[in-house]
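J.: Supplied in structure tokens, the structure appears directly below.
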Amino acid sequence: MGWVPDNVIEATRYSHQLGIFMHLATTPPFKVWCGINDIPAGFDSIDPDGSVYLGAGRLIGIPNLEVLVNGAAGSVDFTMSGIDPATGSALLDSIPAVRGVDLFIGLTTLDDYFQPMSAIIPIWQAKASHVGESSQTVTGDTNPTLSLALSVVTGEPTRSRPSRAIWSAAMQKTAVSSTDRFCDNTARYARGVQPVWPHYS
């Protein structure tokens, strides 16, 4: 068995019933999945004992999940829409501090009873930045609704901290390890020099 269990790989050959899960490591953790009912599940290596993940509703779309490249990556907003204002206000008042909290996105396939076929497989990690709210203009007899959004970024920076424009050798040695030489040639790239990479047999 590799990173993805064999039964999950086999299930994806004939089924597209995916469960997409979000684990926000606040105190207590905020755990939802893109579905209707609440289901028990465990996040592999993050939430091994498992717990109940709340159904956040039907998945309309998912933003592009970028990884940190050269110290910079765009922010991503996860949005829940159609919330009545009273519920949204109560939810905003009860949300714990999210800045700098780890966010994990994972998935697994669902069986015929819409239950997870394995532990949730983590595929993406980010840091939460802030929570936002918005509402559309109401006309006629339309009921007002609220949209809540969680902004997250990959890597260390959040919106209140500027992201690194480049990742220099000095930054790498300070942030990772004093003996790390991964970024020793970045200055040569900036001058347009093509470093010769070693060939290992």
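J.: So if each residue of separation counts as 0.36 nm, and I subtract the Cα-Cα distance between R58 and N143, what length gain in nm does that give?
T.: Stretched out fully, the R58 to N143 stretch lengthens by 28.6 nm.
J.: Still on this model: Grab the other residues whose beta carbon is less than 13 angstrom from that of A90, score K and R as +1, D and E as -1, and report the net.
T.: Local net charge: -3.
J.: Let me ask something else. Using amide H atoms built in the peptide plane, which far-off residues or other-chain residues are under 5 Å from Q17 H to H?
T.: L110
J.: In whole Å, how far is the Cα centre of region 1-52 from that of region 115-142?
T.: Rounded to whole Å, the Cα centres lie 16 Å apart.
J.: How far apart, in nm, are the 7 Å Cα→Cβ label points at W3 and D84?
T.: So the two model labels end up 4.4 nm from each other.
J.: Could you work out how far apart the two model spin labels at F182 and Q136 are, taking each label as a point 7 Å from the Cα in the direction of the beta carbon, and quote it in nm?
T.: Once both label points are built, they end up 4.3 nm from each other.
Read the figures in this text as sums done on the coordinates, not as results from a lab. Keep in mind that what you see is a predicted model, and the values were worked out from it rather than measured. Using ideal geometry, Cβ is built from the backbone for each residue, glycine included, and neighbour counts are taken over all protein chains shown.
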